[in-house]
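A.B. asks: Let me begin by handing over the structure; questions about it come next.
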Amino acid sequence: MSIKVVSLGEIMMRLSTPDFKRFVQADSFDVTYGGGEANVAAALCNYGLQGTFVSKVPENAIGQAAINQLRRYGVQTQYIARGGDRLGIYFLETGASMRASQVIYDRADAAIAQADIADFDFDQIFDGASWFHTTGITPALSDKAAALTEFALKAAKAKGITTSIDLNYRKKLWSKEKAREVMTRLCQYVDVCIGNEEDADTTLGFKAKDSDVTKGEINLEGFKDVFHQMKREIWI
């Protein structure tokens, strides 16, 4: 039997300009679906594990299209809740040469941001699971999504499941102050924390001493010190 890994998060519709066109040049968009946590589930399936994705999508053809995209990769989708008004969207203008890519989000009031804890049976979802993964994107979507993430982490820990979180700070979704408040609380229930030195500083307030990647200054001992700070102040 393959290892079961559960991930929780948002799946979005991506509308991207074809042929490296700019938004103002395009008269059509290519459509695909994905998200940080959904992509993890799909990748794990490609490696032969059982990826199970938990989310909420609107009960319409767009929500079904997102689910179908995941099923193409073998992702288990039976625990995705249905309801809410809309699926989040983001527009992608792929960069070319010296021109950087550009992303515009249209995700306010997406179904997952309005999801209730009662929409999910985590006792059933975590049955047979070995690992639970989420990211800092999900709790940034709304207070309800933050509460849902915390509840899921606690439920996973109660069942002895290994938990992980990718800090993944998104400044367009919340402030540094709000991120630190929420993520510090969530990380109490996390076994594996993923992130770079910038995310550790922004979301948890732990700074790598004598390091500044923008200047090419890397102090490995400073990075180790971040881990020690997290252990002392979060995983008490």
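The values are calculated or read from the model by the stated rules, or taken from the named source; none is laboratory data. Source: prediction; values computed, not measured. Because the Cβ atoms are built from the backbone with ideal geometry, glycine has one as well, and the counts that use them run over all protein chains shown.
A.B. asks: So is residue 5 in a strand (DSSP E or B), over 25 Å from residue 129 (Cβ atoms) and hydrophobic (A, V, I, L, M, F, W, C) or not?
C.D. replies: The answer is no for residue 5.
A.B. asks: What residue, among those in segment 184-198 that are in contact with a strand residue (DSSP E or B) (Cβ under 8 Å, 6 or more places away or on another chain) and outside any loop (DSSP other than H, G, I, E, B), is nearest to residue 142 (Cα to Cα)?
C.D. replies: 186
Yes or no, residue by residue, for (1) surrounded by 22 or more Cβ atoms within 10 Å (Cβ to Cβ); (2) under 22 Å from residue 119 (Cα atoms); (3) not charged (D, E, K, R):
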site	(1), (2), (3)
142	no, yes, yes
150	no, yes, no
153	yes, yes, yes
158	no, yes, yes
166	no, no, no
170	no, no, no
178	no, no, no
184	no, no, yes
188	no, no, yes
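A.B. asks: Okay, next question. How many of the residues in segment 186-207 are modelled with pLDDT of 90 or more, of a type outside the set (A, V, I, L, M, F, W, C), within 22 Å of residue 144 (Cβ to Cβ) and within 17 Å of the chain's Cα centre (by Cα)?
C.D. replies: Of the residues in that region, 1 qualify.
A.B. asks: Separate question: Residues in segment 95-118 that are buried (at least 17 other Cβ atoms within 10 Å of the Cβ) and either over 17 Å from the mean Cα position of the chain (by Cα) or over 25 Å from residue 22 (Cα atoms) (or both): how many?
C.D. replies: Counting residues in segment 95-118 that are buried (at least 17 other Cβ atoms within 10 Å of the Cβ) and either over 17 Å from the mean Cα position of the chain (by Cα) or over 25 Å from residue 22 (Cα atoms) (or both) gives 6.
A.B. asks: Can you tell me which residue is farthest from residue 129 (Cα to Cα) among those in segment 57-93 that are aromatic (Phe, Trp, Tyr) and surrounded by fewer than 17 Cβ atoms within 10 Å (Cβ to Cβ)?
C.D. replies: Among them, the one singled out is 90.
A.B. asks: If you don't mind, another one. For segment 56-65, state whether one or more residues are in contact with a helix residue (DSSP H, G or I) (Cβ under 8 Å, 6 or more places away or on another chain) and hydrophobic (A, V, I, L, M, F, W, C).
C.D. replies: yes
A.B. asks: Identify, from the list 54, 5, the residue that is closer than 19 Å to residue 122 by Cβ, in contact (Cβ under 8 Å) with a residue 12 or more places away in the chain, surrounded by 18 or more Cβ atoms within 10 Å (Cβ to Cβ) and touching a His at 6+ places or on another chain (Cβ under 9 Å).
C.D. replies: Residue meeting the stated conditions: 5.
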